[in-house]
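Working notes for the structure below.
The values are calculated or read from the model by the stated rules, or taken from the named source; none is laboratory data. All figures in this text were calculated on a predicted structure; none of them were measured in a lab. Neighbour counts are summed over all protein chains in view; Cβ atoms, including those assigned to glycine, are modelled from backbone coordinates with ideal geometry.
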């Protein structure tokens, strides 16, 4: 399994990769306000890379439940300087977390390789064209509703079947729009328009929702459904359950993991892979240029 991005191609056949989360927002649920300054954001990105992240996902608009929308020019002002600074220092993979075509275009011009769109490329009619024209990697996430309302009353007849059907439709539509099959990656959108039961059903069935042999990206890091299980609102208490989910998902074949705390999740992946394969792989497998 490979995932083609604008500059580099990831081989996901044997070893899972970690995407480090870099929120340059004042209001993200976990780390809002911590990395608003360019230098602070850059230092945190380098720290995550040193801990084993192969991808850095930079977002300038919070998508937590109830979050307010951010104007396009403000989102660009938050993210593009950070992308430029990191691209000048690092040759690895940079992702822009946005649902706006204008932000994606500016980020790709600044050096990003991947567009990570929580709307599944549905929020902005121009997004598919931007992605197809750039040849970037694309993360297509499932979300029921919008961030402002998604957790009000999510309902499904069969959440696993409906998420998979969404992926199938998006695959057909986006490849018809000119996005290469190899550039697509799908995200079940844990916590985005789902109840605790929906999230657990998807986590149990991760091996059943991928389409067309495309990779899945899993983002569960520090999410509130963990608190619902543990009975604790502490973000610190969500770290090790996140690691546990990462290891369990790797057993199900999930090769991309979006997390806040990079090192413990990388270590969990390497340990799980050593058990699965009976061997110890290289710590940082190479990426290749297309």
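Annotations for the structure displayed:
- Residue among 13, 28 that alone is crowded, with 19+ Cβ neighbours inside 10 Å and at pLDDT below 95: 28
- Residues located in the range 185-194, provided they are in contact with a helix residue (DSSP H, G or I) (Cβ under 9 Å, 6 or more places away or on another chain), at pLDDT 95 or above and under 11 Å from residue 220 (Cβ atoms): 188, 189, 190
- Any hit, the range 258-270, residues being within 28 Å of residue 157 (Cα to Cα) and either in contact (Cβ under 8 Å) with a residue 24 or more places away in the chain or in contact with a helix residue (DSSP H, G or I) (Cβ under 7 Å, 6 or more places away or on another chain) (or both): yes
- Where residue 196 falls short, out of the listed (1) surrounded by fewer than 21 Cβ atoms within 10 Å (Cβ to Cβ); (2) over 21 Å from residue 55 (Cβ atoms); (3) under 19 Å from the mean Cα position of the chain (by Cα): (3)
- Residue match in the range 223-238 (condition: in contact with a helix residue (DSSP H, G or I) (Cβ under 7 Å, 6 or more places away or on another chain), modelled with pLDDT of 95 or more and surrounded by 17 or more Cβ atoms within 10 Å (Cβ to Cβ)): no
- Residue within the range 97-106 that is in a helix (DSSP H, G or I), farther than 28 Å from residue 172 by Cα and touching a helix residue (DSSP H, G or I) at 6+ places or on another chain (Cβ under 8 Å) present: no
- In the range 236-265, the residues that are farther than 18 Å from residue 23 by Cα, part of a loop (DSSP other than H, G, I, E, B) and within 13 Å of the chain's Cα centre (by Cα): 254, 255
- Looking across 178, 197, one residue alone is part of a helix (DSSP H, G or I) and either at pLDDT below 95 or out of contact with any strand residue (DSSP E or B) (no Cβ under 7 Å at 6 or more places or on another chain) (or both). It is 197.
- The range 107-122, subset part of a helix (DSSP H, G or I) and out of contact with any strand residue (DSSP E or B) (no Cβ under 6 Å at 6 or more places or on another chain), residue surrounded by the most Cβ atoms within 10 Å (Cβ to Cβ): 108
- Single unsatisfied condition, residue 213 versus (1) under 25 Å from residue 115 (Cβ atoms); (2) surrounded by fewer than 16 Cβ atoms within 10 Å (Cβ to Cβ); (3) in contact with a helix residue (DSSP H, G or I) (Cβ under 8 Å, 6 or more places away or on another chain): (3)
- Screening residue 99 on (1) under 18 Å from residue 38 (Cα atoms); (2) in contact with a strand residue (DSSP E or B) (Cβ under 8 Å, 6 or more places away or on another chain) shows it passes everything except condition (1).
- Scanning the range 266-290 for residues that are touching a strand residue (DSSP E or B) at 6+ places or on another chain (Cβ under 9 Å), at pLDDT below 85 and either part of a helix (DSSP H, G or I) or surrounded by fewer than 12 Cβ atoms within 10 Å (Cβ to Cβ) (or both) yields 286, 288, 289.
- Any hit, the range 64-86, residues being surrounded by fewer than 24 Cβ atoms within 10 Å (Cβ to Cβ) and within 15 Å of the chain's Cα centre (by Cα): yes
- There is no residue in the range 135-158 that is part of a helix (DSSP H, G or I), touching a helix residue (DSSP H, G or I) at 6+ places or on another chain (Cβ under 6 Å) and over 23 Å from residue 42 (Cβ atoms).
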